[in-house]
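What follows is a single structure, written as structure tokens, with notes after it.
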Amino acid sequence: MASTPQRDSLKRLTLCALLTAIALTIFMVEAQIPLPIAIPGIKLGLSNIITVYAVFVLSPKEGVMILFCRIFLGAIFSGQMSTLLYSGGGGLLSILVLIGLSKILTQKEIWLASPIAAFFHNLGQLCVAALVMDTVVVFAYLPYLAIAAVVSGLFTGLCAQFVVARLPETH
Amino acid sequence: MMKRILVGFLMLVVAISAVAILLGGNDEPATVRITVGGTTVNEIPLSSSTLPKTITVNGKDEGENTVVIEEGRVSISHANCPDQICVNQGWITDSTLPIVCLPHQVIVEIVGGESSGLDTATG
């Protein structure tokens, strides 16, 4: 069958939908894993493997769509709508940084982009928290969140790096 | 080149954070604050040579609460209120949860110290 523009865009939409479903599944599974650290805002963020992959391999636009669909659906599925504001703020700041990084870094340097984006995610989250609670005291958490972000960001970044290396370049 | 700058940025973030964590934390000493009806009646540092110490607090409705302060912890050992919730709460060691005697409007809380009052506000 010949490849028409219509067919291509349909294929792309299906791919995005599939990636969103994968990200959502990872998010929900990760939410079931208890963490030994009791600081709110710290988690592995494994579903961001998909986010990083989408921004670097597909396009920034599709990365944004997948991320925000996953955040919104994740809040509904996990029943924690109150976290929507935090993850939305963090997600927005981090994806902007990530898109900027995708312009200056190659696909072989995804492992580096991820921890930086993770750091800005936690920064954005804290800014939202500061606005919601109307206090700057929450920034006392920043050092802890920053170190956690770099560690978990490196991990998800390396995971995304392996995914990119193993997937055939068919897009 | 860009890569080096970004790696440097990350290392800087981690280094500053580590320094902030190590230097921060225990900057103000923990203090026991006793309030009756919202006004502070007594403040005692949680670590001093005059401890252990027992004080009687006169609350509302002729209430009498005996507060015992020891090194690093505080409790209400006796109260002439009907429910005895404050006595049954036992010792507290940080600012997470204050001891409250509702009938006498007496609050015994620890301010400062290691946990900084953020424990009650989570997303």
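The values are calculated or read from the model by the stated rules, or taken from the named source; none is laboratory data. Because the structure is a prediction, the values reported are computed rather than measured. Cβ coordinates were reconstructed from backbone atoms using ideal geometry, including for glycine residues, and neighbour counts include every protein chain displayed.
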Exactly one of these conditions fails for B:Thr54: (1) modelled with pLDDT of 85 or more; (2) within 20 Å of B:Gly112 (Cβ to Cβ). Give me its number. (2)
Which of the numbered conditions does B:Thr96 fail, given that it passes all the others? Conditions: (1) more than 14 Å from chain A (Cβ to nearest Cβ); (2) in a loop (DSSP other than H, G, I, E, B); (3) in contact (Cβ under 8 Å) with a residue 12 or more places away in the chain. (1)
Checking the structure you have, find out if any residue of segment A:28-41 is under 12 Å from the mean Cα position of the chain (by Cα) and either modelled with pLDDT of 90 or more or over 18 Å from A:Leu158 (Cα atoms) (or both). no
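A quick yes/no check of all residues on (1) under 16 Å from A:Tyr53 (Cβ atoms); (2) touching a Gly at 6+ places or on another chain (Cβ under 6 Å):
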position: A:Gly63; (1), (2): yes, no
position: A:Tyr86; (1), (2): no, yes
position: A:Ser102; (1), (2): yes, no
position: A:Trp111; (1), (2): yes, yes
position: A:Ser114; (1), (2): yes, yes
position: A:Cys127; (1), (2): no, no
position: A:Ala140; (1), (2): no, no
position: A:Gly153; (1), (2): yes, no
Among the residues listed as B:Pro45, B:Pro29, B:Pro52, the single one being exposed (fewer than 11 other Cβ atoms within 10 Å of the Cβ) and either in contact with a strand residue (DSSP E or B) (Cβ under 6 Å, 6 or more places away or on another chain) or in contact (Cβ under 8 Å) with a residue 24 or more places away in the chain (or both): B:Pro52
Identify the residue in segment A:40-56 that is closer than 21 Å to A:Phe162 by Cβ and of a type in the set (A, V, I, L, M) and, among all such residues, is surrounded by the most Cβ atoms within 10 Å (Cβ to Cβ). A:Val52
Does B:Ser75 satisfy being modelled with pLDDT of 85 or more and more than 30 Å from A:Ala118 (Cβ to Cβ)? yes
Kindly establish whether B:Asn80 is surrounded by 18 or more Cβ atoms within 10 Å (Cβ to Cβ) and polar (S, T, N, Q). no
